[in-house]
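Chemist: My questions all concern the structure below.
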Amino acid sequence: MTVKQHLMGINGDEAVAYAAKHALVDVCAAYPITPQTIIVEKFAEFVANGEVETEFVRVESEHSALSACVGAAAAGARTFTASAANGIELMHEVIFLASSIRMPIIMAVADRAPSGPINIHGDSTVSLAQRDTGWIMIYCENSQEAYDATLQAFRIGEHPDVQLPVMTMLDGFVLTHTLENVYLLGEKDAHKFVGRREPMMIEIDGKPVPLKLDPKTPITIGPLQLFDYYMETKLQHSEAMERARPVITQINNEWAQLTGRKYGDGYLQPFKVKDADAVLVTTGSSAGTARYVARQLRAQGKKVGLLKVRTFRPFPYKKLAKILADVPVVGVFERTHITGSFGGPLFTEVRSALYEQNTRPAILGYYGGLGGRDVTPDDFEAMYKELLKVKTTGKAPRDLVKYVTVRK
């Protein structure tokens, strides 16, 4: 039975701020950058009004913001930050550090194009550039999911089997600044769901001590590790990411029981895939538009489907391969572009996941919507029609990866 929830008209940034408030964050360190600024502005209001007991640390840069979160998390605090684009790029050094020393920091990313040329609007290029940093990565389709995923992220990252930082992505301006209906939990229900952070216990000289910086039980976090221990630590990091797989599904299921909202298996959300002749794979807000188009084409008798990738790290390669096993043609749309690569990060992951299939589908990649350019229903319809043409003719186009939404 679901709990009572409160409907509010808020934008995606505000939805994330409410999630951080409901998560009982101990420390928030942040630096403003468009289109993320509203998140920490709204959260700072909660702090100033005494609505949440959080130490809000005002820093001079994004590098300092994440560094402060690392220190706070190492001392046992529940920590939160938010950033975007160039701010994420400035954090890059500390992003690696946070995951390698297993600090369960939660960071909301207002996805925005990198400069240059200078651009402040939405695409996923910068967040996807963090794909190898060892963070769990969740992409949100709408403001409701931004609220839901942020609250879930605290449970996922702080789980004793995981202990990893989590990024939750929402598309710049498309979600961050757009008013939507969002259902929020009552504070008591939210607090009960997320709980309090409990530091892991470790053993030193046969005695259990909490894994946190504490003068009473001094330990070292993040020591120098050369070739004698470095690889073993990286292996433990990878093992933690693998252990996150069932945890993500478990918490997604718990959230569904609490709220009535379920995001597939926590990783993938298929729509009309089982009998489809052609399926588009995408992430974020693009999934909503593509699903709408798929529904319209289905009404016309065209067998198309959509597969939304919600969790990009850890990548659900086995689940994805199983879902797409019998699909003849697959298209991958992503709001990013990678210079010099054969397709973007999502395209290469999907193609790799399907490599071991006995019968491999034809796979086409589409770059589009860069720098906040609109991706319309007509654009997705054109992609679907090209995929269906490949199914009918059995011939893929010469350019398997192409740009769409480009001015003629």
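Chemist: Based on this model, can you work out whether Pro328 counts as within 15 Å of Pro361 (Cβ to Cβ) and either outside the structural domain of Leu170 (by TED's automatic domain parsing) or at pLDDT 95 or above (or both)? Talk me through it step by step, then tell me what you get.
Modeler: Values: within 15 Å of Pro361 (Cβ to Cβ): yes; either outside the structural domain of Leu170 (by TED's automatic domain parsing) or at pLDDT 95 or above (or both): yes.
Taking the combined requirement at face value, the residue satisfies it.
Chemist: Of the residues in segment 296-314, how many are touching a residue at least 24 places away in the same chain (Cβ under 8 Å) and either part of a helix (DSSP H, G or I) or over 28 Å from Asp374 (Cβ atoms) (or both)? Working first, answer last.
Modeler: Going through segment 296-314, the residues touching a residue at least 24 places away in the same chain (Cβ under 8 Å) turn out to be 296-298, 302-314.
Filter once more, keeping what is either part of a helix (DSSP H, G or I) or over 28 Å from Asp374 (Cβ atoms) (or both): 296-298, 314.
Total satisfying the criteria: 4.
Chemist: Can you work out which of the residues in segment 1-39 that are over 25 Å from Leu90 (Cβ atoms) and among the charged types (D, E, K, R) is surrounded by the fewest Cβ atoms within 10 Å (Cβ to Cβ)?
Modeler: Restricting to residues being over 25 Å from Leu90 (Cβ atoms) and among the charged types (D, E, K, R), the top hit is Lys4.
Chemist: Tally up the residues in segment 40-55 that are surrounded by 17 or more Cβ atoms within 10 Å (Cβ to Cβ) and either more than 19 Å from Gly122 (Cβ to Cβ) or touching an Asp or Glu at 6+ places or on another chain (Cβ under 7 Å) (or both), please.
Modeler: Here the count works out to 7.
Chemist: Say we look at segment 376-391 and pick out the residues that are buried (at least 23 other Cβ atoms within 10 Å of the Cβ) and within 25 Å of the chain's Cα centre (by Cα); which of these is nearest to Ala113 (Cα to Cα)? Reasoning before the result, please.
Modeler: Residues of segment 376-391 buried (at least 23 other Cβ atoms within 10 Å of the Cβ): 380, 383-384, 387.
Next, only the ones that are within 25 Å of the chain's Cα centre (by Cα) stay: 380, 383.
Values: Phe380: 21, Met383: 23 Å.
Taking the candidates together, the pick is Phe380.
Chemist: So how many residues does segment 330-360 have that are free of Cβ contacts under 8 Å to residues at least 12 places away in the same chain and part of a helix (DSSP H, G or I)?
Modeler: 1
Chemist: Would a scan of segment 84-93 turn up a residue that is touching an Asp or Glu at 6+ places or on another chain (Cβ under 7 Å), touching a residue at least 40 places away in the same chain (Cβ under 8 Å), under 28 Å from Leu258 (Cα atoms) and outside any loop (DSSP other than H, G, I, E, B)?
Modeler: no
Chemist: Given (1) without any contact (Cβ under 8 Å) to a residue 40 or more places away in the chain; (2) in a helix (DSSP H, G or I); (3) of a type in the set (Asp, Glu), identify the lone condition not met by Glu254.
Modeler: In the conditions (1) without any contact (Cβ under 8 Å) to a residue 40 or more places away in the chain; (2) in a helix (DSSP H, G or I); (3) of a type in the set (Asp, Glu), Glu254 misses (1) alone.
Chemist: Something else: For the subset of segment 257-268 comprising residues that are touching a residue at least 12 places away in the same chain (Cβ under 8 Å), surrounded by fewer than 19 Cβ atoms within 10 Å (Cβ to Cβ) and not in a helix (DSSP H, G or I), which member is nearest to the chain's Cα centre (by Cα)?
Modeler: Asp265
Chemist: Would you confirm whether any residue within segment 228-235 is without any contact (Cβ under 8 Å) to a residue 40 or more places away in the chain, assigned by TED's automatic domain parsing to the domain that holds Tyr139 and closer than 26 Å to Asp161 by Cβ?
Modeler: No, every residue in segment 228-235 fails to be without any contact (Cβ under 8 Å) to a residue 40 or more places away in the chain, assigned by TED's automatic domain parsing to the domain that holds Tyr139 and closer than 26 Å to Asp161 by Cβ.
Chemist: Report every pair of residues separated by at least 6 positions or lying on different chains whose Cβ atoms are under 8 Å apart, first residue within segment 276-293 and in a strand (DSSP E or B), second among the aromatic types (Phe, Trp, Tyr).
Modeler: Once the first residue is in a strand (DSSP E or B) and sits in segment 276-293, its partners that are among the aromatic types (Phe, Trp, Tyr) give Ala278/Tyr384; Leu280/Phe333; Leu280/Phe380; Leu280/Tyr384; Val281/Phe333; Thr282/Phe333.
Chemist: Just one of Val279, Val332, Val350, Val309 is touching a helix residue (DSSP H, G or I) at 6+ places or on another chain (Cβ under 6 Å) and crowded, with 19+ Cβ neighbours inside 10 Å; which is it? Write out each step before concluding.
Modeler: On the way: Val279 fails: touching a helix residue (DSSP H, G or I) at 6+ places or on another chain (Cβ under 6 Å); Val350 fails: touching a helix residue (DSSP H, G or I) at 6+ places or on another chain (Cβ under 6 Å); Val309 fails: touching a helix residue (DSSP H, G or I) at 6+ places or on another chain (Cβ under 6 Å).
After applying the criteria, what remains is Val332.
Chemist: If the requirement is being of a type in the set (S, T, N, Q), within 24 Å of Gly222 (Cα to Cα), touching a His at 6+ places or on another chain (Cβ under 7 Å) and surrounded by fewer than 23 Cβ atoms within 10 Å (Cβ to Cβ), which of these qualifies: Ser64, Ser100?
Modeler: Values: Ser64 fails: touching a His at 6+ places or on another chain (Cβ under 7 Å).
Testing whether each residue is of a type in the set (S, T, N, Q), within 24 Å of Gly222 (Cα to Cα), touching a His at 6+ places or on another chain (Cβ under 7 Å) and surrounded by fewer than 23 Cβ atoms within 10 Å (Cβ to Cβ) leaves just Ser100.
Chemist: Give Ser100, Ser124, Ser115 a once-over and let me know the one that is within 30 Å of Thr339 (Cβ to Cβ), hydroxyl-bearing (Ser, Thr, Tyr) and at pLDDT below 95.
Modeler: On the way: Ser100 fails: at pLDDT below 95; Ser124 fails: at pLDDT below 95.
None of the other options fit; the residue is Ser115.
Chemist: A further question on this structure: Here are the criteria: (1) loosely packed, with under 15 Cβ neighbours inside 10 Å; (2) over 18 Å from the mean Cα position of the chain (by Cα); (3) in contact (Cβ under 8 Å) with a residue 40 or more places away in the chain. Tell me which single one Lys318 does not satisfy.
Modeler: With (1) loosely packed, with under 15 Cβ neighbours inside 10 Å; (2) over 18 Å from the mean Cα position of the chain (by Cα); (3) in contact (Cβ under 8 Å) with a residue 40 or more places away in the chain applied to Lys318, the lone miss is (3).
Chemist: Among the residues of segment 55-77, are any part of a helix (DSSP H, G or I), among the hydroxyl-bearing types (Ser, Thr, Tyr), without any contact (Cβ under 8 Å) to a residue 40 or more places away in the chain and farther than 17 Å from Phe154 by Cα?
Modeler: Yes, there is a match, as at least one residue in segment 55-77 is part of a helix (DSSP H, G or I), among the hydroxyl-bearing types (Ser, Thr, Tyr), without any contact (Cβ under 8 Å) to a residue 40 or more places away in the chain and farther than 17 Å from Phe154 by Cα.
Chemist: Please state which of the following conditions Asp161 fails to meet, knowing it meets all the rest: (1) surrounded by 17 or more Cβ atoms within 10 Å (Cβ to Cβ); (2) modelled with pLDDT of 95 or more.
Modeler: (1) is the only condition that Asp161 fails.
Chemist: If we keep just the residues of segment 159-178 that are closer than 17 Å to Tyr147 by Cα and among the β-branched types (Val, Ile, Thr), which is farthest from the chain's Cα centre (by Cα)?
Modeler: Applying the filter and picking the extreme gives Thr178.
The values are calculated or read from the model by the stated rules, or taken from the named source; none is laboratory data. In this text the structure is predicted, and so the values were computed from the model without any measurement. Don't worry about glycine lacking a Cβ; one is built from the backbone with ideal geometry, like all the others, and counts go over all protein chains shown.
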